[in-house]
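**Student:** Got a structure for you, written out below as structure tokens; questions coming shortly.
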Amino acid sequence: RFVFVEHWASPEAQHKHHTQGEHILHFHAGGIDAVEKAELFYNLSLVA
């Protein structure tokens, strides 16, 4: 099981990374089929 925690300067920076990042593109081109399932996703915001 893998857990990824990310913090982005802006929603635009996150979107650019997830749509144009070289390693993301490579993964979607050939590695995503090896993922059995993704269980949860939370988008957290700092409140204090």
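Derivation of every value follows stated rules applied to the coordinates shown; laboratory data play no part. The structure presented is a predicted model; accordingly, all values stated were derived computationally and were not measured. So basically every Cβ, Gly included, is an ideal-geometry build from the backbone, and we count neighbours across all protein chains shown.
**Student:** Test of the criteria: in the chain, which trypsin sites (Lys or Arg not before Pro) are in a DSSP loop and have at most 16 other Cβ atoms within 10 angstrom of their Cβ? Numbers along the way, then the final one.
**Tutor:** On the way: sites: ARG1, LYS16, LYS37; in loops: ARG1, LYS37.
The qualifying sites are ARG1, LYS37.
**Student:** Follow-up. At what distance in nm do the modelled label points of LYS37 and ILE24 sit from each other, each positioned 7 Å from its Cα along Cα→Cβ?
**Tutor:** 2.5 nm
**Student:** While we're on this one: Calculated from DSSP H runs of 4 or more alone, at -39500 (n - 2.57) each and per residue, what is the 222 nm mean residue ellipticity of the chain, nearest 500?
**Tutor:** On the way: 2 runs with 19 residues, N = 48.
My calculation for the chain gives -11500 deg cm²/dmol from helical runs alone.
**Student:** A follow-up question, please. For helix 11-20, report the angle its Cα long axis makes with the longest principal axis of the Cα atoms of the chain; keep it between 0 and 90° and round to the nearest 10°.
**Tutor:** 10 degrees
**Student:** Then there's this: Quick one, which of [x] 23, 16, 7; [y] 18, 12, 11; [z] 31, 12, 6 is the actual semi-axes √(5λ) of the Cα gyration tensor in Å calculated for this model?
**Tutor:** [x]
**Student:** Let me ask you something else. Could you put LEU25, LEU44 in order, starting from the residue whose Cβ has the fewest other Cβ atoms within 10 Å?
**Tutor:** LEU44, LEU25
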